[in-house]
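Written below as structure tokens is the structure these notes are about.
The values are calculated or read from the model by the stated rules, or taken from the named source; none is laboratory data. It should be emphasised that the depicted structure is a prediction, and the values quoted were computed from it without experimental measurement. Glycine also receives a Cβ, built like all others from the backbone with ideal geometry; neighbour counts cover every protein chain displayed. Side chains included, ligands, DNA and RNA excluded: accessible areas come from the protein's heavy atoms. Shrake-Rupley method; radii C 1.70, N 1.55, O 1.52, S 1.80 Å.
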Amino acid sequence: MTGSTTGGSAAVIQRIGRGVSRAPRAIGRLVTLLVQTLWRIARDTWLWCEAWLLDNKASLYGIAVTRILIGLTGIGLLLSNFSTRLYTFGSGSAWNGEGAEPVSDFPKIWIFSWFHRVAYDDVLFTTLYLVLFALAVLFTIGWRFKIVLPVYFILWVSFIEMSDAVGDQGDNMYRIVLLLLLFADPAARWSIDARRRAKNDFRTILPREISNLLHNLALVALTAQVIFVYVSGGLYKAGGDPWSGGYAVYNPLMTERFGTWPVLSEFFTAWGPAVTMISWGSIILQIAFPFMLLTRPTRIIALCGIMSFHIGIGVLMGLPWFSLAMIGIDFIFIRDRTWKHMLQLARGAFRESESEWADQKERVEV
């Protein structure tokens, strides 16, 4: 009996020993499998990023819309300030002292000092103002864009930094976008340059892969800048009592400066819960914006929400050019295939209406 017990114990001990000896090999296989899996993920991620950056230019339609709306922003701002250009930016603003000692550092840099040099000569200032307006038009329609954009960028910065008192954060974003567009191809669609390229054999100076890389990296930088603006703004709002209290939207609409349309301001602030929902909703939308871009359904909600947010700012608070610029930038998040689908629908609807019109005309003639 004792012998059998001893034998059984020895067998158990042997099995345990074999299990212990196998354990390091099992752990080793798991580690190897984990490393191989991580390597495949890293390799596939690298190959996807390489293909996305080098193979084709992304969001060509979206960034074309960005170009058009950014250009319209410049045109609108210049037109709306034309009658007061001398008082706001030129010789009539000498009282603020910025002609002698600019607040901004840009007028102190020679390449950005064109408007500053002619600030007290009304004829030269107006001439340069009209040149900038013409460049804004050429920028919008996409004519010789690679030549027009650098000149427009230099003159725009020179102009907008003339008077620090009338500037806002939209000016900073506008300047950043113009700088990044230097590396992208915003005139590849819906522009005069695009029509010219379609008719002629167009040759690029840079190799195709380098051109694609610069364009797509500019899109990445634009995306990062937009996300930074929205998320930082949302976090800043969340820390303030008016926003956390749910009444932040009410305050500016009741002021003379931002309550541009008193009737509309009273209409949108008449119901307290709506004011709270708009205030809290804007915080949630801004903070969640980068995460909502990851899937198509949430991206649609995010873009509709953020564009409604900017339309509200533009209409209710009298900041149309800031809002138009921000809406223009947000269009880069709409994929090219979506734009193509919308174009097909628009063309189909136009053909149907054209055929119906022809049928009606034929009936009338008969």
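Counted as membrane-span-like here are DSSP H helices of the chain whose alpha-carbon atoms extend 24 Å or more along the helix's own axis and whose Kyte-Doolittle mean is 0.5 or above; these are 60-80, 122-141, 208-238, 272-292, 296-316.
Can you give me the accessible area per residue for the chain, using a 1.4 Å probe, in Å²?
Per-residue accessible area for the chain comes out at 60 Å².
Jot down the per residue volume, in cubic angstrom and as a whole number, of the convex hull over the alpha-carbon atoms of segment 58-170. Don't jump to the answer; show the numbers that get you there.
Values: hull volume 12.4 nm³, N = 113.
Spread over its residues, the Cα hull of segment 58-170 gives 109 Å³ apiece.
Computed from label points 7 Å out along Cα-Cβ, the spacing between residue 147 and residue 342 is 3.2 nm. Considering every Cα-Cα pair within segment 236-281, what fraction, in whole percent, is farther apart than 15 Å? That fraction is 40 percent. Here the average projected area of the convex hull drawn through the C-alpha atoms of segment 105-192 stands at 6.0 nm².
Protection proxy ranking, highest mean first, for peptides 155-165, 60-70: 60-70, 155-165, where packing is the per-residue count of other beta-carbon atoms within 10 Å, averaged.
Could you work out the mean projected area of the convex hull around the alpha carbons of segment 211-265, in square nanometres to one decimal?
Numbers: hull surface 22.9 nm².
Answer in nm², one decimal: 5.7.
When you count the other C-beta atoms within 10 angstrom of each residue and take the mean per peptide, 139-145, 170-176 line up highest first as 139-145, 170-176.
Normalised radius of gyration for segment 258-314, please: alpha carbon Rg relative to 2.2 N^0.38 Å, two decimal places.
Numbers: Rg = 13.2 Å, N = 57, 2.2 N^0.38 = 10.2 Å.
My calculation over the Cα atoms of segment 258-314 gives 1.29.
Shape descriptor for segment 267-366: Rg over Rh equals 1.20 (Cα atoms; Rh from the Kirkwood inverse mean 1/r). Mind checking Rg over Rh on the chain, alpha carbons, Kirkwood formula for Rh? Radius of gyration over Kirkwood radius for the chain works out to 1.19. Diffusion coefficient (Stokes-Einstein, Kirkwood radius over C-alpha pairs, 10 °C, 1.306 mPa s) for segment 156-216: 113 µm²/s, rounded to a whole number.
Per residue, the chain reaches -24500 deg cm²/dmol at 222 nm when only DSSP H runs of four or more residues are counted, each adding -39500 (n - 2.57). If you bin all the Cα-Cα distances of segment 159-306 at 10 Å, starting from zero, the percentages per bin are 9, 24, 30, 22, 10, 5, 0.
Counting only protein heavy atoms and a 1.4 Å probe, tell me what percentage of segment 141-247's accessible area is made up of carbon and sulfur. The partial results should precede the final answer.
On the way: 3560 of 5560 Å².
Ligands and nucleic acids excluded, carbon and sulfur give 64 percent.
Put 300, 111 in order of accessible area, highest first, and with a 1.4 Å probe you get 300, 111.
Starting with the highest mean, order 284-294, 317-327, 253-263 by the number of other Cβ atoms within 10 Å, averaged over the residues of each peptide.
Working: 284-294: 16.6, 317-327: 20.5, 253-263: 12.5.
By packing density, highest mean first, the sequence is 317-327, 284-294, 253-263.
Could you tally the net charge around residue 340, taking each other residue with its Cβ under 14 Å from the Cβ of residue 340, Lys/Arg +1 and Asp/Glu -1? My count for the surroundings of residue 340 gives +3.
Cross-link partners for residue 108 among the aspartates and glutamates, with Cα-Cα distance under 16 Å and sequence neighbours closer than 8 places in the same chain left out: 98, 161, 164.
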